[in-house]
Amino acid sequence: MKTASLLDNLEYKENRPAIQVLLDTEVGKEIRIAFKEGQLMKEHKTPFPIVVEIFEGSIDFGVNGKSLTLKRGDLITLEGNVPHDLKALKDSIVRLSLNKADTVKRVENVVKSLE
């Protein structure tokens with residue numbers, strides 16, 4: 001058994017979203033992304049399906065040329081290879097569920113490209 005908290009050791013970064021691996025299990029990875037208002041993750045895609053939960057705040061989630069405003073408690077799923085982007089409308093905490101075969105390094109590279 002493993003436990004984690006979306007709120008413990010929460011840290012925001014000034015220049016880009018903050019990535020924190022919360023759980024790494026046999027079946028997947030749970031990642032917290034802490035956004036300050038206005039921060040973004042430019043368009044990117046993953047080779048595997050993902051689930052995104054807005055735990056706190058509000059995010060503009062761009063996918064297939066459309067922008068959806070997601071708020072606290074909203075969930076969205078995407079199949080692999082679907083381009084998408086995120087922009088924080090206010091300080092936000094996002095939970096990203098990754099396939100086990102996906103890498104945290106790929107997610108980190110998306111946010112590091114903003115520096």
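Read-outs throughout are calculated quantities, based only on the coordinates presented, and are distinct from any laboratory measurement. For clarity, every value in this text was computed on a predicted model and none was experimentally measured. Reconstructed Cβ throughout: ideal geometry from the backbone, glycine too, with neighbour counts over all protein chains shown.
Placing +1 on the Cβ of each Lys and Arg and -1 on the Cβ of each Asp and Glu in the chain, which of Leu96, Leu22, Leu6 has its Cα farthest towards the positive end of the resulting dipole?
It is Leu96.
Okay, helix-only estimate at 222 nm for the chain: each DSSP H run of n ≥ 4 adds -39500 (n - 2.57), divide by all residues, round to 500 deg cm²/dmol; what do you get?
-2000 deg cm²/dmol
Arrange the following residues from fewest to most other Cβ atoms within 10 Å of their Cβ: Met1, Met41.
Details: Met1 2, Met41 24.
Sorted ascending by nearby Cβ count, the order is Met1, Met41.
Relative to the Cα centre, what is the charge dipole magnitude of the chain, using +1 at the beta carbon of each Lys and Arg, -1 at the beta carbon of each Asp and Glu, and rounding to the nearest 20 debye?
Working: 18 positive and 18 negative charges, 30 e Å.
For the chain, the charge dipole is close to 140 debye.
Taking the structure as given and computing Rg and Dmax of the Cα atoms in Å, which label from (i) 15.7, 54; (ii) 13.0, 40; (iii) 19.3, 56 fits?
Identified label for the calculated read-out: (ii).
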